[in-house]
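S.K.: I'd like to ask you about the structure that follows.
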Amino acid sequence: MSEIRISGIVRDSIVDGPGLRYVIFTQGCFNKCEGCHNPQTHDPQGGIAANTDKLYEEFISNPMYQGITFSGGEPFLQADALADIAIRIKRDYPSKDIICYTGYTYEYLKDMIDKDRILSYMRLLYNIDYLIDGPYKKELASMDCKWRGSTNQRIIDMKQTLATKEIVLADI
């Protein structure tokens, strides 16, 4: 069990990835993208404390969920807590997919200089199916970007990317 700071949870979402989803909105983000959809998530001291065991139990209690989505805020600010949830889901329910949004690029996460954080980041990256990366850019906003807000953001297939060591984009 670990604690995570969240802005909220959306149950039964159909807009945060394919199928019916359970969405955890993490609290805290330093990117502060202009036009951000969730500005209430920026303050790392805001939101509420939540127990990762309870979040996991709530997710698995609904067999209709196709998967879980980690959004924010910036999920990678709480990578260890989210990795704990992801590892349990992948172990116990491997058919459920995991999507993680981030304002960082995959390249940035992979090449972190701060070695204390890179281990947390990699733990999360290795246990998600899809990474939607890149900051929201208001000037690149488009309604034609499936599951994304702006055209610079990518949907990365993490299993294929980690296996090939080349970024593999996904169409989910």
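S.K.: Which ³J(HN,Hα) values in Hz, rounded to whole numbers, follow from the phi angles of segment 147-153 under the Karplus curve 6.51 cos²θ - 1.76 cosθ + 1.60, where θ = phi - 60° and Gly and Pro get x?
M.R.: After applying 6.51 cos²θ - 1.76 cosθ + 1.60, I find 6, 10, x, 9, 5, 6, 7 Hz.
S.K.: Within segment 115-156, what residues put their amide N at less than 19 Å from the label point 7 Å along the Cα-to-Cβ vector of Lys90?
M.R.: 117-133, 155-156, by backbone N distance to the label point.
S.K.: Starting from the Cα gyration tensor of segment 104-172, take the square roots of the eigenvalues, sort them a ≥ b ≥ c, and report rounded, prolate or oblate (rounded when a/c is under 1.5, otherwise prolate if a/b is larger than b/c, else oblate).
M.R.: It is oblate, given that a/c is not under 1.5 and a/b is not larger than b/c.
S.K.: Read phi for every residue in segment 98-104 and hand back ³J(HN,Hα) as whole Hz from Karplus 6.51 cos²θ - 1.76 cosθ + 1.60, θ = phi - 60°, with x for Gly and Pro.
M.R.: Residue by residue, segment 98-104 yields 10, 10, 10, 8, 8, x, 8 Hz.
S.K.: Past 20 Å, Cα to Cα, is the threshold; run Lys54/Lys90; Lys96/Lys159; Lys90/Lys137 against it and keep the listed order.
M.R.: Lys90/Lys137, as the Cα separations exceed 20 Å there.
S.K.: Return the Cα extents of the chain along principal axes one, two and three, sorted largest first, each rounded to a whole Å.
M.R.: That works out to 39, 38, 36 Å along the principal axes.
S.K.: Quantify, in whole percent, the carbon and sulfur part of the accessible surface of the chain (1.4 Å probe; protein heavy atoms only).
M.R.: With neighbouring chains kept in place, the figure for the chain is 54 percent.
S.K.: If amide H atoms are built 1.01 Å from N in the plane of the peptide, which residues on other chains or at least 5 residues away come under 5 Å of the amide H of Leu20?
M.R.: Hits under the 5 Å cutoff: Gln66.
S.K.: What lysines does Lys165 reach when the alpha-carbon gap must be under 17 Å and sequence neighbours fewer than 8 apart in one chain are set aside?
M.R.: Answer for Lys165, where 17 Å is the Cα cut-off: Lys110, listed by chain and number.
S.K.: May I pose another question? Could you rank the peptides 151-157, 71-77, 7-13 by their average count of other C-beta atoms within 10 Å per residue, with the highest value first?
M.R.: 71-77, 151-157, 7-13
S.K.: Still on this structure, I have one more. Measuring from centroid to centroid over Cα atoms, what is the spacing of segment 132-150 and segment 1-66 in Å?
M.R.: Centre-to-centre (Cα) distance: 19 Å.
S.K.: Per 0.36 nm of contour for each residue apart, how much would the distance between Gln45 and Gln160 grow if the chain were fully extended, relative to their Cα-Cα spacing?
M.R.: 37.8 nm
S.K.: For the peptides 28-38, 132-142, what is the packing order when you average, over each peptide's residues, the other Cβ atoms within 10 Å and list the highest mean first?
M.R.: Descending mean neighbour count gives 132-142, 28-38.
S.K.: Further question: Hey, which aspartates and glutamates would be in cross-link range of Lys138, C-alpha to C-alpha under 12 Å, not counting anything within fewer than 8 residues on its own chain?
M.R.: Glu34
S.K.: Shifting gears a bit: Report the antiparallel proportion of the DSSP beta bridges in segment 1-110 as a percent, rounded to a multiple of 5.
M.R.: Counting only bridges with both partners in segment 1-110, antiparallel ones make up about 50 percent.
S.K.: Calculate, for segment 1-117, the solvent-accessible area per residue in square angstrom, rolling a 1.4 angstrom probe over the heavy atoms of the protein chains.
M.R.: Counting only protein heavy atoms, the per-residue value for segment 1-117 is 48 Å².
S.K.: Which whole number in µm²/s is D for segment 23-65 by Stokes-Einstein, with the Kirkwood Rh taken over Cα pairs at 25 °C and 0.890 mPa s?
M.R.: D, rounded to a whole number, is 201 µm²/s.
The values are calculated or read from the model by the stated rules, or taken from the named source; none is laboratory data. Every value quoted in this text rests on a predicted model; they were computed, and no experiment measured them. Note: ideal-geometry Cβ built from the backbone for every residue, glycine included; neighbour counts use all protein chains shown. Accessible surface is based on the protein model in full, side chains and every heavy atom, while ligands, DNA and RNA are left aside. Shrake-Rupley method; radii C 1.70, N 1.55, O 1.52, S 1.80 Å.
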